[in-house]
1. Can you report the number of residues in region 152-184 which are within 13 Å of the ligand (Cβ to nearest atom), within 18 Å of the chain's Cα centre (by Cα) and under 21 Å from Tyr212 (Cβ atoms)?
2. Spot the failing condition for Tyr106; the list is (1) open to solvent by less than 10 Å² (accessible area, probe 1.4 Å); (2) within 15 Å of the ligand (Cβ to nearest atom), and only one is missed.
3. Please indicate, with yes or no, whether at least one residue in region 99-109 is assigned to a helix (DSSP H, G or I), free of Cβ contacts under 8 Å to residues at least 40 places away in the same chain and of a type in the set (A, V, I, L, M).
4. I'd like to check something: does region 222-233 contain any residue that is near the ligand (Cβ under 10 Å from one of its atoms), over 25 Å from Tyr63 (Cα atoms) and either surrounded by fewer than 22 Cβ atoms within 10 Å (Cβ to Cβ) or over 17 Å from the mean Cα position of the chain (by Cα) (or both)?
5. Only residues that are open to solvent by 50 Å² or more (accessible area, probe 1.4 Å), within 16 Å of the ligand (Cβ to nearest atom) and either more than 20 Å from Arg335 (Cβ to Cβ) or in a strand (DSSP E or B) (or both): list them for region 260-283, please.
6. Any idea which residue in region 234-259 is least open to solvent (accessible area, probe 1.4 Å), counting only those that are within 12 Å of the ligand (Cβ to nearest atom) and outside any loop (DSSP other than H, G, I, E, B)?
7. Just for region 326-342: of the residues that are of a type in the set (A, V, I, L, M) and not in a loop (DSSP other than H, G, I, E, B), which one is surrounded by the fewest Cβ atoms within 10 Å (Cβ to Cβ)?
Amino acid sequence: MGVFTTSHEQVVYCHDRPSGLRAIIAIYSTALGPALGGTRFYPYASEDDALHDVLDLSRGMAYKNALAGLDLGGGKAVIWGDPDKDKSEALLRAYGRFVQSLGGRYYTACDVGTYVQDMDTVAKETRFVTGRSESHGGAGDSSVLTAYGVFQGMRAAAEHRWGSPTLAGRRVGIAGLGKVGKHLTKHLIDDGAAVVATDVSERAVEWVQSTYPQVDLVDGADKLVAADLDVYAPCALGGALNDETVAALRAKIVAGAANNQLAHPGVEKLLAERDVLYAPDYVVNSGGVIQVADEIDGFNFARAQQRAGRIFDTTREILQLAAAEGVPPAVAADRLAERRMADVGRLRTILL
Ligand SMILES: NC(=O)c1ccc[n+]([C@@H]2O[C@H](COP(=O)([O-])OP(=O)(O)OC[C@H]3O[C@@H](n4cnc5c(N)ncnc54)[C@H](O)[C@@H]3O)[C@@H](O)[C@H]2O)c1
């Protein structure tokens, strides 16, 4: 994918040879405000792979931030390297100086391979960073509101499908009991749902056995997909929904935290053909970005939680729009995001 064949506003290569920093910052859109998106630190096989990832991820953030109701555009950064071997104070601070050099067009945060402590280090060189540790006035672990938002999106899907916004009495399958999956398990159990789960990590399995002995465990995501479920919640890696899993799926709703759940374009149509209601991933998992975005104004948990609660209304609106226009929910979500970017972004043409 070449930069000029996409619609990105700006792509910046950042290189600091002594510290080993090789980063790419991509700004997809600033129509709604400064671009916000995390920094992924990952050992890509090639520079092309890194560019491809950052272009995809920054576009996704523009859509996610737009539907989260944030006055923020979409951006993302990748640092090409192995976080376990290559991360150092000098490298992170060099990266922070490049973020600062963009003058506020891009705000960074955590992503795969970067943590709140890393953002504290980046913050020594730039004001345009969020997702810092609580001791530095940051929002802390974003999985808390991510899980809360997924639960709200799932409630809206339940209402659309079964007429009532609750998971009480439903069987919900969670693939991935990580940071988000754990919080989601609690929300569902508190709501009266029966939870079935799977995880490849022994530690995660032991955690659920000791914390929620009523949770049924199955061995592997394939078994979970084929289990007798009302709702399937992918909360591990991307690509959970492909031709095979959609064919095997028995749940009537899919709503989960994982990013990029649709393995390829067209899966959203397969889901619709099988009458599976799909609550789009980037809509229901936006609680995390809502949490870190709140930090820009001085973090207030109650305010951030209230904003994340609106994921219920947004999901409901998307499902209704999809039904009215006869398109899959993923298409309706994209249309709504594009509409907000155009309608609200256009207001800047009114000279102040
Ligand atoms: N944490 C957030 O705020 C946030 C925000 C938005 C989206 N997400 C997305 O949600 C997903 C979960 O995030 P997280 O923060 O909980 O990550 P995490 O790394 O804490 O948890 C992921 C869990 O999935 C398990 N897992 C991995 N492969 C698996 C497999 N094949 N089958 C079953 N389990 C498997 C891991 O063992 C781990 O317990 C990710 O896709 C992430 O990108 C997270």
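1. We begin by selecting, within region 152-184, every residue within 13 Å of the ligand (Cβ to nearest atom); these are 153, 173-184.
From what's left, within 18 Å of the chain's Cα centre (by Cα): 153, 174-184.
Imposing the further condition that a residue be under 21 Å from Tyr212 (Cβ atoms) reduces the set to 174-184.
Number satisfying all stated conditions: 11.
2. Failing condition for Tyr106: (2).
3. Going residue by residue through region 99-109, those that are assigned to a helix (DSSP H, G or I) are 99-101.
With free of Cβ contacts under 8 Å to residues at least 40 places away in the same chain added as a condition, the list becomes 100-101.
Narrowing further to those that are of a type in the set (A, V, I, L, M): none.
Within region 99-109, not a single residue is assigned to a helix (DSSP H, G or I), free of Cβ contacts under 8 Å to residues at least 40 places away in the same chain and of a type in the set (A, V, I, L, M).
4. yes
5. First, the residues of region 260-283 that are open to solvent by 50 Å² or more (accessible area, probe 1.4 Å): 260, 263-265, 269-270, 272-275.
After this cut, where a residue has to be within 16 Å of the ligand (Cβ to nearest atom) as well, the list is 260, 263.
The answer is Ala263, and nothing else.
6. Going through the qualifying residues, I end up with Pro234.
7. Narrowing region 326-342 to residues of a type in the set (A, V, I, L, M): 327, 330-333, 336-337, 341-342.
Now narrow it down to the ones that are not in a loop (DSSP other than H, G, I, E, B): 330-333, 336-337, 341-342.
Numbers: Ala330: 24, Val331: 18, Ala332: 23, Ala333: 30, Leu336: 20, Ala337: 23, Met341: 21, Ala342: 11.
Looking at the filtered set, the residue picked out is Ala342.
Per-residue answers, yes or no, for (1) of a type outside the set (Ser, Thr, Tyr); (2) without any contact (Cβ under 8 Å) to a residue 24 or more places away in the chain; (3) surrounded by fewer than 20 Cβ atoms within 10 Å (Cβ to Cβ):
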residue: Gln291; (1), (2), (3): yes, no, no
residue: Ala308; (1), (2), (3): yes, no, no
residue: Gln320; (1), (2), (3): yes, no, yes
residue: Ala324; (1), (2), (3): yes, yes, yes
residue: Val344; (1), (2), (3): yes, no, yes
residue: Leu347; (1), (2), (3): yes, yes, yes
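The values are calculated or read from the model by the stated rules, or taken from the named source; none is laboratory data. Note that the structure is a prediction, hence the values are computed from the model and not measured. Quick reminder, even Gly has a Cβ in these numbers, built from the backbone with ideal geometry, and neighbours come from all protein chains shown. To get the accessible areas, we keep the full protein, side chains included, count just its heavy atoms, and leave off ligands, DNA and RNA. Shrake-Rupley method; radii C 1.70, N 1.55, O 1.52, S 1.80 Å.
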